[in-house]
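The values are calculated or read from the model by the stated rules, or taken from the named source; none is laboratory data. Here the structure is a predicted model, which means the values were calculated and not measured. Note: ideal-geometry Cβ built from the backbone for every residue, glycine included; neighbour counts use all protein chains shown.
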Amino acid sequence: MILALYIKIERQLAASRFEALLKPMPADIRQKARRYLHWQDAHACLFGKLLLIEGLNRLGQDGPTLIHQLQYTSFGRPFLPGKIDFNISHSGEYIVCALSNQCRVGIDIEKIRPVNLPDFRSQMTDAEWATVNKSADPLLAFYYYWTRKEAAIKAHGHGLSLPLKEVVIGEGEIIMEGVAWPLYEIELADGYICHLVMDKRVKQQEVIVEKAKVERAGQ
């Protein structure tokens with residue numbers, strides 16, 4: 001099963017509520033969340049981990065205990081001991097967390113907002129760049145490519161040591177280093193684009209997308 005949990009954070013929590021939710025987290029996560037200058041980034045740090053805990057619980061694991069066993073690869077990709085793989089992304093008001101007990105996952109969400117498209121030319125193949133420029137909505141076309149590539153890189157796990165230009169978009173899949181990784185679009189909200197990439201093809205009904213119960217904590 002692949003589980004994608006999401007939450008929408010529309011306003012800042014009271015400081016006491018934020019600290020109460022942060023208190024059970026590992027010390028490094030508490031320190032990281034408190035270092036952010038903007039409350040949106042601090043909340044994304046906290047709620048990303050709350051989504052992870054909820055997802056672990058839903059997969060039959062002990063989320064509150066496992067969160068204290070969080071480790072990082074030499075490429076900076078977070079992981080947990082055992083068979084559960086996960087990935088977290090946030091943009092705008094949304095935070096998403098993908099988890100699986102059967103494959104590697106990478107997820108990316110982006111709020112559609114203006115960018116200087118030429119800045120990203122080097123990250124795309126000639127064919128991809130031509131498609132963006134010929135599109136009726138170049139910005140939308142760009143984000144469709146960008147979220148797919150970012151989700152793929154995050155699933156792959158080696159960061160930008162694999163250049164985004166070498167992440168090739170196929171039909172329902174991403175090609176990285178000659179290997180096809182299945183690709184799924186997740187529709188969450190107007191004005192956002194979200195894609196999920198994994199290293200194993202599964203049936204569409206095995207990809208479960210749900211609003212997190214931790215949503216109540218963000219009210």
Practice problem: Assess whether Leu140 counts as being outside the structural domain of Ala98 (by TED's automatic domain parsing), over 30 Å from Ala15 (Cβ atoms) and in contact with a helix residue (DSSP H, G or I) (Cβ under 9 Å, 6 or more places away or on another chain). | Solution: no
Practice problem: List every residue pair whose Cβ atoms sit under 6 Å apart, with the two residues 6 or more apart in sequence or on different chains, where the first one lies in region 148-176 and is assigned by TED's automatic domain parsing to the domain that holds Ala130 and the second, anywhere, is of a type in the set (S, T, N, Q) and crowded, with 16+ Cβ neighbours inside 10 Å. | Solution: Lys154/Asn87; Leu164/Gln123; Lys165/Gln123
Quiz prompt | Failed item, numbered, when Ile95 is tested on (1) crowded, with 18+ Cβ neighbours inside 10 Å; (2) out of contact with any Phe, Trp or Tyr (no Cβ under 7 Å at 6 or more places or on another chain); (3) assigned by TED's automatic domain parsing to the domain that holds Gly63 | solution = (2)
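To keep it simple, each residue is scored yes or no on (1) of a type in the set (Phe, Trp, Tyr); (2) closer than 28 Å to Ser16 by Cβ; (3) part of a strand (DSSP E or B); (4) not assigned by TED's automatic domain parsing to the domain that holds Ile9.
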{"position": "Asp41", "(1), (2), (3), (4)": "no, yes, no, no"}
{"position": "Ala44", "(1), (2), (3), (4)": "no, yes, no, no"}
{"position": "Gly48", "(1), (2), (3), (4)": "no, yes, no, no"}
{"position": "Asn57", "(1), (2), (3), (4)": "no, yes, no, no"}
{"position": "Ile67", "(1), (2), (3), (4)": "no, yes, no, no"}
{"position": "Glu110", "(1), (2), (3), (4)": "no, no, yes, yes"}
{"position": "Pro118", "(1), (2), (3), (4)": "no, no, no, yes"}
{"position": "Ser122", "(1), (2), (3), (4)": "no, no, no, yes"}
{"position": "Val132", "(1), (2), (3), (4)": "no, no, no, yes"}
Quiz prompt | Any hit, region 49-69, residues being of a type outside the set (Asp, Glu) and under 24 Å from Gly191 (Cβ atoms) | solution = yes
